[in-house]
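Remarks on the structure that follows.
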Amino acid sequence: MDLGLNNRVYVVTGATRGLGNAAARELVADGAKVVLTGRDEKTAAAAAAELGPNAVGVGADNADPGTAERLVAAAREHFGGFDGVLISVGGPPPGFVADNTDEQWQAAFDSVFLGAVRLARTAAAELGEGGVIGFVLSASVHEPIPGLTVSNGLRPGLAGFAKSLADELGPRGVRVVGLLPARIDTDRVRELDGFSADPEATRTAHESRIPLRRYGTPQEFGRTAAFLLSPAASYLTGVMLPVDGGARHGF
């Protein structure tokens, strides 16, 4: 199946590792050109170098108010266009309600929530018909995850923002989509499992509650993201797609 990604240009934030990197890899593999970001310039450049000439790395912090416009400009400068953005941010610090400080909440809000809103708002002003704005959110949009209180507080709000944005941009032919990963086998998920007394037993317990009985791979997530961002998904907007092996049992 031809996804129609050849020579389309995307910005993918938080793409030096994890889910953002997996999405960038699959986009490039299918012919797209990608500006990928990370907070560290050298790390971003190294991640882009691994993907070849159709990727360029930019050091950027989503919390910086100037980041959004700078990334769109980088896409146009390096690849001559801008067709969409996948907004992926690092997970906020873990902790329960009593653990997280005001400073942690504020930093997470600036980066995870307000930074994502700025990126989407800037992209919305720059994209024409056929453009797409994607959000990497979390299964916590539907059900809180124990020990991730800050994420549980912010992700559902971003999903609501994305749904509103889809309604507003639909008449212009611009799509908005969300991905809701659960147990994908990334460094972040392994780190979270590692907080337990027995990480191996914790993973086994999680797997037992997933209908497919395993964690997803980053590549599986990346392929799903590439499809949703592609012209092949041209009639999908406003969707929040679980990428969870069937872990969400509700409709």
ask   = Could you give me the ³J(HN,Hα) list for the range 94-100, computed from phi with Karplus coefficients 6.51, -1.76, 1.60 and θ = phi - 60°, whole Hz, x at Gly and Pro?
value = x, x, 9, 3, 6, 8, 7
request  = Please give the net charge around P156, taking every other residue with its beta carbon less than 12 angstrom from that of P156, where Lys and Arg add +1 and Asp and Glu add -1.
outcome  = +1
request  = Please give the residues of the range 191-235, grouped as numeric ranges, whose backbone N is less than 17 Å from a label point set 7 Å along the Cα-to-Cβ vector of V97.
outcome  = none
remark   = A chain fully extended from R188 to E168 at 0.36 nm per residue, minus the present Cα-Cα distance, gains in nm 3.9 nm
ask   = Given charges of +1 on the Cβ of Lys and Arg and -1 on the Cβ of Asp and Glu, with all other atoms neutral, how large is the dipole of the range 153-251 about its Cα centre, in debye to the nearest 20?
value = 280
The range 205-217 - phi-based ³J(HN,Hα) in whole Hz, Karplus 6.51/-1.76/1.60, Gly and Pro as x = 5, 4, 4, 5, 9, 9, x, 7, 6, 6, 6, x, 9
key: Peptide ranges 47-54, 135-142 listed from the most packed, as the mean C-beta count within 10 angstrom indicates   = 135-142, 47-54
request  = Please turn the phi angles of the range 112-118 into ³J(HN,Hα) values with the Karplus equation 6.51 cos²θ - 1.76 cosθ + 1.60 (θ = phi - 60°), one per residue in order, whole Hz, x for glycine and proline.
outcome  = 6, 9, 5, x, 5, 4, 4
query = With +1 on each Lys and Arg Cβ and -1 on each Asp and Glu Cβ, how big is the dipole of the range 8-108 about its Cα centre, in debye rounded to the nearest 20?
reply = 400
query = Among 118-126, 18-26, how do they line up from the highest to the lowest mean number of other beta-carbon atoms within 10 Å?
reply = 18-26, 118-126
task = Mind grabbing the base-10 log of I(q)/I(0) for the range 9-77 at q = 0.14, 0.17, 0.21, 0.23 Å⁻¹? Debye formula, identical points on the C-alpha positions, no solvent, two decimal places.
result = -0.33, -0.48, -0.75, -0.90
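Calculate the dipole size of the chain relative to its Cα centre from +1 charges on Lys and Arg beta carbons and -1 charges on Asp and Glu beta carbons; express the result in debye to the nearest 20.
480
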request  = Divide by every residue of the chain the summed helix terms, -39500 (n - 2.57) for each DSSP H run of at least 4, and state the resulting mean residue ellipticity at 222 nm, rounded to the nearest 500 deg cm²/dmol.
outcome  = -13000 deg cm²/dmol
task = Leaving out ligands and nucleic acids, note down the accessible area per residue over the chain with a 1.4 angstrom probe, in whole Å².
result = 47
task = Report the one residue of L169, F113, V72 whose Cα lies farthest in the direction of the positive end of the charge dipole of the chain (charges on C-beta: Lys and Arg +1, Asp and Glu -1; origin at the Cα centre).
result = L169
remark   = Among F251, Q104, G147, the residue whose Cα sits farthest towards the positive end of the charge dipole of the chain, when +1 is placed on the Cβ of each Lys and Arg and -1 on the Cβ of each Asp and Glu, is F251
request  = Enumerate by residue number the chymotrypsin sites (Phe, Trp or Tyr not before Pro) in the range 58-115 meeting two conditions: DSSP loop (anything except H, G, I, E, B), and at most 12 other Cβ atoms within 10 Å of the site's Cβ.
outcome  = F96
query = Separation between the F251 and I145 pseudo-spin-labels, each 7 Å from Cα along Cα→Cβ, expressed in nm?
reply = 2.7
inquiry  = Show me, bin by bin at 5 Å from 0, the whole-percent P(r) of the range 97-191 based on Cα pairs.
reply    = 3, 12, 21, 22, 18, 13, 7, 3, 1, 0
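The values are calculated or read from the model by the stated rules, or taken from the named source; none is laboratory data. Because the structure is a prediction, the values reported are computed rather than measured. Glycine gets a Cβ as well: all are built from the backbone with ideal geometry, and neighbour counts include every protein chain shown. The protein model used for the area step is the full one, side chains on, heavy atoms only, and it has no ligands, DNA or RNA in it. Shrake-Rupley method; radii C 1.70, N 1.55, O 1.52, S 1.80 Å.
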